[in-house]
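J.: Here it is, the structure, as structure tokens.
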Amino acid sequence: MRPTAFQDRFDAGTTLAAQLAQYAGRDDVVVLALPRGGVPVGFEVAKALQAPLDAFLVRKLGVPGHEELAMGAIASGGVQVLNEDVVAALDVPPERIVAVAAAEEQELERRLRAYRSGMPPPDVKGKIAILVDDGLATGSSMRAAVKALRRLGPERIVVAVPTAAAETCERLAREADEVVCASTPRPFHAVGLSYRDFSQTTDAEVTDLLRRAASRAGLD
């Protein structure tokens, strides 16, 4: 399959939204974006679907010394998901996992304060929750998000991303109710290769986009 090159995360969000058109205009849909990179994508998805946008906090657990490689992820509420294959292959000792998780928990709490400003988590009980990120490699962060979100009682969880490894989409399909992957390049090397502009999204940009989305929905 020829790789799809999105101009940036906003362009990717517009493309992704077209594949979620069946959820447009409904009052039981909420778009939850994984910060930071998922928020620009989610912003465009929420706009197209006329749905509220919120952030759903997850932190990747990077392998010590190879932080870009995910050995798992954590989410709000004490949820932890480990990539057992990576942990076993690299023989990561349990105490290193605990140390990395503790550090990431602090960062998760910092972002929670920065993005939500003391507001409660989104009310998703009985709703269709669309979890959005800018792409999936191992899928550890998204798996943690799905697991954490289940505890909040949504009617349906839809995972939606512009680009992903095909096997990751297949694995997530066993955990979410629906998975929408706009492109699955083969071979899949990295999320960033599907973007012409994959510059880092900042905390300030995340906060601004969430504010703009709330204003658009008449929530502020």
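All of the numbers you see were taken from the coordinates with simple rules; none came from a lab. Note that the structure is predicted; figures quoted are calculated from it, not measured. Cβ coordinates were reconstructed from backbone atoms using ideal geometry, including for glycine residues, and neighbour counts include every protein chain displayed.
J.: In percent, what relative contact order does segment 59-185 have, based on Cα pairs under 8 Å that are 6 or more apart in sequence?
T.: Once normalised by length, the contact order is 23 percent.
J.: Filter the chymotrypsin sites (Phe, Trp or Tyr not before Pro) in segment 115-216 to those in DSSP coil with at most 15 other Cβ atoms within 10 Å of their Cβ, and list the result.
T.: Working: sites: Tyr115, Phe188, Tyr195, Phe198; in loops: Phe188, Phe198.
Here no chymotrypsin sites (Phe, Trp or Tyr not before Pro) fit, given the DSSP loop and packing criteria.
J.: If you put +1 on each Lys and Arg Cβ and -1 on each Asp and Glu Cβ, how big is the dipole of the chain around its Cα centre, in Debye rounded to 20? Provide the component values of the computation, followed by the final result.
T.: Details: 26 positive and 30 negative charges, 83 e Å.
Here the chain has a charge dipole of around 400 debye.
J.: Mind checking which helices in the chain clear 30 Å along their axis (Cα) and have mean Kyte-Doolittle hydropathy of 0.5 or more, DSSP H runs only?
T.: Within the chain not a single helix satisfies the rule.
J.: Which listed residue (Ala101, Met119, Ala73) has the Cα farthest towards the positive end of the charge dipole for segment 70-129, taking +1 on Lys and Arg C-beta and -1 on Asp and Glu C-beta about the Cα centre?
T.: With unit charges placed on the Cβ atoms, the residue in question is Met119.
J.: Let me ask something else. Counting only C-alpha contacts under 8 Å and six or more residues apart, can you give the relative contact order of segment 1-58 as a whole percent?
T.: Details: 81 pairs, mean separation 23.0, N = 58.
Worked out over segment 1-58, it gives 40 percent.
J.: Also, I was wondering about something else. Net charge within 12 Å of Gly13 by Cβ-Cβ distance, Lys/Arg positive one each and Asp/Glu negative one each, not counting Gly13 itself?
T.: -3
J.: Could you grab the relative contact order for the chain? Cα pairs under 8 Å, six or more apart, rounded to a whole percent.
T.: The value is 27 percent.
J.: Using a cut-off of 19 Å between alpha-carbon atoms, which lysines can reach Lys47, once sequence neighbours fewer than 8 places away in the same chain are excluded?
T.: Lys127
J.: Which of the listed residues, Ala165, Ala144, Ile128, is farthest toward the dipole's positive end in segment 91-220, when Lys, Arg count +1 and Asp, Glu count -1 at the beta-carbon?
T.: Most positive-ward Cα: Ile128.
J.: Further question on the same structure: Straight-line reach from Lys60: which lysines have a Cα under 25 Å away, not including same-chain ones fewer than 8 places off?
T.: Lys147
J.: Counting helices only, and only those DSSP H runs with n ≥ 4, report the 222 nm mean residue ellipticity of the chain as the sum of -39,500 (n - 2.57) divided by its residues, in deg cm²/dmol to the nearest 500.
T.: Only helices count here, giving -11500 deg cm²/dmol.
J.: Moving on. Tell me which aspartates and glutamates have Cα within less than 20 Å of Lys125's Cα, excluding those fewer than 8 residues away on the same chain?
T.: Asp27, Asp28, Asp54, Glu155, Glu175, Asp177, Glu178
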